[in-house]
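The values are calculated or read from the model by the stated rules, or taken from the named source; none is laboratory data. Because the structure is a prediction, the values reported are computed rather than measured. Calculation scope for accessible area: heavy atoms of the full protein, side chains included, ligands and nucleic acids excluded. Shrake-Rupley method; radii C 1.70, N 1.55, O 1.52, S 1.80 Å.
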Amino acid sequence: MMFTTSSSSPSRGERALHKGQQTKQLIVDAALGLATQVGLEGLSIGAVAELTGMSKSGVFAHFGSREELQISVVREYDQRFSEEIFLPALQAPRGLPRVRALFANWMKRVAVEIRSGCIFISGAVEFDDRPGPVRDALVSSVKAWMAALQRALLQAQEQGHLRADADAAQMAFEMHGLILALHYEACFLQSAGALERANTGFENILLRYGRAGASGAI
């Protein structure tokens, strides 16, 4: 009797590929955790191998270079950033409710990163004057996020929640500035009340650019 493999059963090659993907994800997770503490420049094949209990050659087989490992960490951080901040905010109605949700989610993440570190901020310090693929990955991620924030602000303007002459790019710049100031005040200076000041700053932005009486403007 001839036995055939069920089409629903994964082949040996598929199982090996799945296992390989799981291992690669495990490495990226460990590398991201390390990078939040020591920065992208602190990453090395050897350090990640030690952290995961793998050999250097095993880690190298999945990435091929330290630079590719760094880029994979940036992409993973970007994906988590989007999943925690941007995607949940899409459940809120267009306009200021969505803008408020974006900033609230951003602040929640910052509250955690005050202790663990932010790849976008530490990476900007490490790679601001160092052209190359890692810097390109960082810049692309931050620009994509800022573009999404500007779109949300433009939608708020279209909904009549912001003044017709409100500058979405300027508003996004000021909101981003609040987050950067918050990281500096809370992490470096350890100033009390930094979170509250950032929230107050956000409300002041809405007061300056919001239309009086508009839904969600106050």
*Applying the Karplus parametrisation 6.51 cos²θ - 1.76 cosθ + 1.60 with θ = phi - 60° to the phi angles of region 75-82, what ³J(HN,Hα) value in whole Hz is obtained for each residue in order, glycine and proline being reported as x?*
5, 5, 5, 4, 5, 5, 4, 5
*asked:* Below 16 Å, Cα to Cα, which aspartates and glutamates can residue 19 reach? Residues fewer than 8 away in the same chain don't count.
replied: 29
*Within straight cross-link reach of residue 24, meaning Cα distance under 24 Å, which lysines are found once same-chain residues fewer than 8 apart are removed?*
56
*Could you do me a favour and compute the accessible area per residue for the chain, 1.4 Å probe, result in Å²?*
56 Å²
_List the residues, sorted by chain then number, that are 5 or more residues from residue 211 or on another chain and whose placed amide H is less than 5 Å from its amide H._
162, 163
*Pull out the extension gain between residue 22 and residue 55, defined as 0.36 nm times the separation in residues minus the alpha carbon to alpha carbon distance; nm, one decimal.*
10.3 nm
*Given [x] 13.3; [y] 16.9; [z] 10.8, which label gives mean projected area of the Cα convex hull in nm² as computed from the coordinates?*
[y]
_Whole-Hz ³J(HN,Hα) for each residue in region 134-142, computed from phi via Karplus 6.51 cos²θ - 1.76 cosθ + 1.60 with θ = phi - 60°, x for glycine and proline: what do you get?_
5, 4, 4, 5, 5, 4, 4, 5, 5
*Computed over the Cα atoms of region 108-205, what is the ratio Rg over Rh, Rh following Kirkwood?*
1.01
